[in-house]
Structure formats: structure tokens, C-alpha cells
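The values are calculated or read from the model by the stated rules, or taken from the named source; none is laboratory data. Keep in mind it's a predicted model, so treat the numbers as computed, not measured. Cβ: placed from backbone, ideal geometry, glycine included. Neighbour counts: every protein chain shown. For accessibility, only protein heavy atoms count, side chains too; no ligands or nucleic acids. Shrake-Rupley method; radii C 1.70, N 1.55, O 1.52, S 1.80 Å.
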Amino acid sequence: LYDYYLEPGTGYYGTKKSLEPIHVQYSFDDRSIVVVNSTLNQSSGLNVRATLVDIAGIQRWSNSASIDLPPDGVVRAFTIPDLANLSKTYFLSLMIEDKTGAIVSRNFYWLSTVEDVLDWTKRQWYITPTQVHGDFTELASLPPVTLDVKTAFDHDGPDNRALVTLKNPGHSPAFFIRLRVLKHPDGEQILPSMWSDNYVSLLPGETRTLTARWRPEDAPGATPTIAVDGWNIVVE
């Protein structure tokens, strides 16, 4: 989850997301959208939303449903239908909102119409080989996206804090965005620094605000700045 320099990697943020108390996810077995409640409290009036976008950034399908989530329970909200003429690689954005409109959980998938095929004849107790892998080669053709980035710095108790608002103004998904806090422009990264989320993706027109925290003693005399990069992100 961390490297030698205490930088959280993608594994950290993936684990953090999967262990959310209330979590929305895609089920690969039957294409259903599932909400998992790991708490012992009931949550009523949750709104589950799903948006499916093809490789060109065109919305091909969306749906929403209101659900009541039992304690320590699982609810299948709805199922994604088969869509004709879908690009080999496509994106699925999931979100849960509570009664006030506050976001409880969000998740993002890049999927393929070419399904993985496992070689069950060669399975072992620790692995089953894959004969055919999903086709994600279209990711290489994603058009570049220049993000609108707004940054503010303040304090949260004893910690320094950065608030970064990202907006995707383009017509293509902004894929796998990575944020870093630097001590100075083109300087070293401030580590450890903990982001509310990272390695995120934005659909066309989508906006997200993320926060980072770090201890002042880990970056004395720094003039912090935010570095933004990603799969198809243009850095100005």
C-alpha cells in the first residue's frame, strides 16, 4: 500500500474504496449494480446512479434507483442491459447519494466487451490462467484532456491542507488522474501526504474536489504546489 518513501500507491486508494462502510460496485458475473452495507445500521432513501460512456465520451446508458439498505446487507439496484455497437473499451461511473444529496460512495470502472476467458483445465489452488484477456487497447486512442484546476491551501487542525477542484471541460473522459503535493514547483514531493482520493477519472463535464493533508514538519519552508498528471492529461 505504501512505498519506501511512504507514498500511497494505487493499491492504497483501491483498498480504501473497497472497504467503504457503504460501497457501490459492479458485479462482473451478472452485470448488476450492487450496494454493500458493512455497517450495523440501516440506510434509507439512498439514490444509486450509474452512467455508461463509450471510448468517444458519448453517454450510451444511464439509470438510477432509490433503495433502502438493510444493516450488514446487500442490495442489487439494477442490471446493465446488453448494448449494441458498444466500443470495445468503455467506462462505467457509479455513485450513491443520501437524502440530502451528499455523496456516500462513488466508483469507476473501465470495462471491455471482450470478456476474460479462464483456462479451468490448468487451474491451481492459487491461480487460474487466463486464455483471453479483455481488450483495452482503445485506451491508447483517448484524446488528450486539459483539466481546469483550482487549488487552495489552508490548515486543518495541526495539518496543512490542499483543496483541489478538478473539472473536465472536454468531450472525452479524463482517465487515471494522479495528484501530488510538491514542496516547490518542480520540487520534491511532500511525503507522507494523504489524499481523500487519488488516481481518479472524470467523465466529460464532471467536477470533483479532493483534499490532501500533511504535517508542517515534513515540509519546513515549503511553498506547496499541486502537480497533476494522468493517462491522457495535458499539463499546461
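Normalising the average separation of contacting C-alpha pairs (under 8 angstrom, six or more residues apart) by the number of residues puts the relative contact order of the chain at 16 percent.
Only one of (i) 31; (ii) 42; (iii) 27 was calculated from the structure for percent of Cα pairs over 28 Å apart, and its label is (ii). In the complete set of protein chains, residue-level accessible area for V234 is approximately 60 Å², probe 1.4 angstrom. For segment 16-89, the pair-distance distribution built from all alpha carbon pairs, in bins 10 Å wide starting at 0, is 18, 45, 27, 10, 0 percent.
Solvent-accessible area assigned to carbon and sulfur over segment 69-183 amounts to 52 percent, based on a 1.4 Å probe.
The residues of the chain expose on average 55 square angstrom of accessible surface per residue, using a 1.4 Å probe on protein heavy atoms. Charged neighbours of Y5, selected by a Cβ distance under 13 Å, balance to -3 (K, R count +1; D, E count -1). For segment 90-142 and segment 188-236, write down the distance between their C-alpha centroids in whole Å. Answer, in whole Å: 25. For S193, the shell of other residues with beta-carbons less than 15 Å away shows a net charge of -2, using +1 for Lys and Arg and -1 for Asp and Glu. Mind running the shape call on segment 50-151? Use the C-alpha gyration tensor, a ≥ b ≥ c as the square roots of the eigenvalues: rounded below 1.5 for a/c, prolate if a/b tops b/c, oblate otherwise. Cα axes put segment 50-151 in the oblate bin.
The residue among L69, G57, N168 whose Cα reaches farthest toward the positive pole of the charge dipole of the chain, with charges on the beta-carbon of Lys, Arg, Asp and Glu, is L69. Within the shell defined by Cβ-Cβ distances under 10 Å, the residues around L166 carry a net charge of +1, with Lys and Arg each +1 and Asp and Glu each -1. Our helix-only sum for the chain, with -39,500 (n - 2.57) per DSSP H run of n ≥ 4 divided by its residues, gives a mean residue ellipticity at 222 nm of -1000 deg cm²/dmol.
Note on W120: accessible area approximately 140 square angstrom, rounded to 10, probe 1.4 Å, nucleic acids and ligands left out.
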